[in-house]
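*Asks:* Got a structure for you, written out below as structure tokens; questions coming shortly.
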Amino acid sequence: MICASLFVLSGVMCIIYSGNKSVYALLMLCGLCFSWFGDLFLHINEKLSLFITGLFFFLIGHIFYVSAYSVAAKKLFGIPVLSPWDIIAVAVLTSISVIYAVKKKIHFGRAAVPAFIYTIALTSMMVKACHLAIAGLETNFALWALPACLLIAGSVMFCMSDSTLALINFGNKKIYSVKIFNIITYFSAQMCLAHTILFIS
């Protein structure tokens, strides 16, 4: 939770330092705060009810992230909130996630439906982040090089982290190295996303 508090603090400091009080910045900060609560409930203990509660907070966090990317993409590049390419990409990535779960013998049990809904939100977050990043790079590569890297790296690492979290909590094997990978990619992802506030408004 100390680490979680640090990425929320980073978001606040980015807003203060840059003077960015745009809708994008506020939505991203809300996403960071809901992620903080998600971390809290996931780490109180291993009860399924608390896991699902944590999942719910992360789901809301991703909705804020998706909203932030959508607002910025619409404002800066005229990209619609639900473009056909976004829908196709989310459908493909969600299908790949289901195949991954089957291949890795991940059994969600009673958490299957919440996990599936969360997966849709997670893949939507990554797709919208990457769409915003690519649009920025196509418009002004030099200006968008760093924020695009933060968006793509942050969203992709978030997906990688959650994939390994599913493996840790619902897979057959508990591998310590996977847990380390999960923690590193997760906190790196949140820090990357928090620092996009410095560049996008």
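*Asks:* Specify whether the C-alpha gyration tensor of the range 40-118 places it in the rounded, prolate or oblate class, a ≥ b ≥ c being the square roots of the eigenvalues: rounded for a/c under 1.5, otherwise prolate if a/b is larger than b/c and oblate if not.
*Replies:* Oblate shape, in that a/c is at least 1.5 and b/c is the bigger or equal ratio.
*Asks:* Taking Cα atoms, how many degrees apart are the long axis of helix 84-103 and the longest axis of the chain, rounded to 10 and kept between 0 and 90?
*Replies:* Compared with the principal axis, the helix lies near 20 degrees.
*Asks:* Quickly estimate the mean residue ellipticity at 222 nm for the chain, helices only: each DSSP H run with n ≥ 4 gives -39500 (n - 2.57), and the total goes over all residues, rounded to 500.
*Replies:* -29500 deg cm²/dmol, from helical runs alone.
*Asks:* According to the square roots a ≥ b ≥ c of the eigenvalues of the Cα gyration tensor, what is the shape class of the range 1-160, taking rounded for a/c under 1.5, prolate for a/b larger than b/c otherwise, and oblate for the remainder?
*Replies:* oblate
*Asks:* Checking the a/c ratio against 1.5 first, then a/b against b/c, what shape does the Cα gyration tensor give for the range 117-201?
*Replies:* Verdict is prolate for the range 117-201.
*Asks:* For the chain, with every protein chain kept in place, what is the accessible area per residue (1.4 Å probe, Å²)?
*Replies:* Per residue, the chain has 52 Å² of solvent-accessible surface.
*Asks:* Then there's this: How many angstrom separate the Cα center of the range 75-98 from the Cα center of the range 133-200?
*Replies:* Using only Cα atoms, the two centres lie 17 Å from each other.
*Asks:* Can you figure out the FRET efficiency of Glu46 with Leu9, using R₀ = 22 Å and their beta-carbon distance, to the nearest 0.05?
*Replies:* Rounded to the nearest 0.05, the efficiency is 0.20.
*Asks:* When only Cα pairs under 8 Å and 6 or more residues apart are kept, what is the percent relative contact order across the chain?
*Replies:* Dividing the mean separation by the residue count of the chain yields 28 percent.
*Asks:* May I ask you to give the percent of accessible area on the chain that is carbon plus sulfur, with a probe radius of 1.4 Å?
*Replies:* Using a 1.4 Å probe with all protein chains present, the chain comes out at 75 percent carbon and sulfur.
*Asks:* Under a plain spin-label model, where a point goes 7 Å from the Cα along Cα-to-Cβ, how far apart in nm are Ser83 and Ile134?
*Replies:* 0.7 nm
*Asks:* Kindly provide the trypsin sites (Lys or Arg not before Pro) of the range 38-145 that DSSP labels as loop, not H, G, I, E or B, and whose Cβ sees at most 12 other Cβ atoms within 10 Å.
*Replies:* Sparse-neighbourhood loop trypsin sites (Lys or Arg not before Pro): Lys47, Lys105.
*Asks:* Now, a different point. At most 15 other Cβ atoms within 10 Å and a DSSP loop assignment: could you name the trypsin sites (Lys or Arg not before Pro) in the range 137-201 that fit?
*Replies:* Lys173, Lys174
*Asks:* Follow-up question, since we're still on this one. Taking the 0 to 90 degree range and rounding to the nearest ten, how far is the long axis of helix 48-77 tilted relative to the main principal axis of the chain, both from C-alpha atoms?
*Replies:* Compared with the principal axis, the helix lies near 20 degrees.
The values are calculated or read from the model by the stated rules, or taken from the named source; none is laboratory data. Source: prediction; values computed, not measured. Neighbour counts run over all protein chains shown; Cβ positions are idealised from the backbone, glycine included. The accessibility values were calculated without ligands, DNA or RNA, using every heavy atom of the protein model including side chains. Shrake-Rupley method; radii C 1.70, N 1.55, O 1.52, S 1.80 Å.
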